[in-house]
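Notes to accompany the following structure.
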Amino acid sequence: MASCVFCDIVEGTATSRTIYRDDDVIGFLDIRPVTRGHTLLVPRRHSSGLADLQPEIGGRLFAAGQRLAAAMKVSALSADGVNLVVNDGRAAFQTVFHTHLHVVPRHDGDKLSFAKGLVVRRDPDPDETARILRAALEPDHR
């Protein structure tokens, strides 16, 4: 397998703002977020796309996405909704070939379209955003 930046993040050899971790999944802020709080959830074990993702790991990935989506709503991000997105293959705009689930907080009236959102991709304070989401994932917020 060629070098994979997400595998490097999982192994701790590449930097990230980690939001979530369990035995099978790790989550970190996207370095070019569509909205503030845009997080990527990846399986710890490499799979390049849906075709080679073990279904039980896919289920755990989605469960982590549900948990993070709830945190985005109760946190200071105050999301009104959340997009869960998997881009599978080049034609679907997958750019890192390690399966990943985008968890994108949305707000009523934000008028975001993903094509436009790809242009404006900077969080003014990603460290604070990471802190907010980590705090909302604590057990007392469930």
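All of the numbers you see were taken from the coordinates with simple rules; none came from a lab. Since this is a predicted model, take the numbers as computed values, not measurements. Counting neighbours? That spans all protein chains shown, and the Cβs are built from the backbone with ideal geometry, glycine included.
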**Prompt:** Efficiency by 1/(1 + (r/R0)^6): what FRET value for Gln54 and Ser3, r their Cβ-Cβ distance, R0 = 25 Å, to the nearest 0.05?
**Reply:** 0.65
**Request:** With everything on Cα atoms, drop me the angle between helix 126-136 and the longest principal axis of the chain, reported from 0 to 90° to the nearest 10.
**Result:** 80
**Prompt:** Using +1 on the beta carbon of Lys and Arg, -1 on that of Asp and Glu, and nothing else charged, what's the dipole of region 5-137 about the Cα centre, debye to 20?
**Reply:** 280
**Message:** If I fit a long axis through the Cα atoms of helix 55-74 and take the longest principal axis of the Cα atoms of the chain, what angle between them do I get, 0 to 90°, rounded to 10?
**Reply:** 20
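Working out 0.36 nm times the residue gap between Glu11 and Arg44, then minus their Cα-Cα distance, what length gain in nm do you get to one decimal?
Between Glu11 and Arg44, full extension yields an extra 11.0 nm.
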**Asked** Which three extents, in whole angstrom, do the alpha-carbon atoms of region 1-56 cover along their principal axes, largest first?
**Response** 30, 23, 21
**Prompt:** What length, rounded to one decimal in nm, is gained on full extension from Arg131 through to Ala91, with 0.36 nm per residue of separation minus their alpha-carbon distance?
**Reply:** 11.0 nm
**Prompt:** Once the Cα gyration tensor of the chain is diagonalised, what are the square roots of 5 times its eigenvalues, in whole Å and ordered largest first, as equivalent ellipsoid semi-axes?
**Reply:** 22, 18, 15
**Item:** Sites Asp22 and His107 - FRET efficiency at Förster radius 35 Å, r taken between beta-carbons, to 0.05
**Value:** 0.80
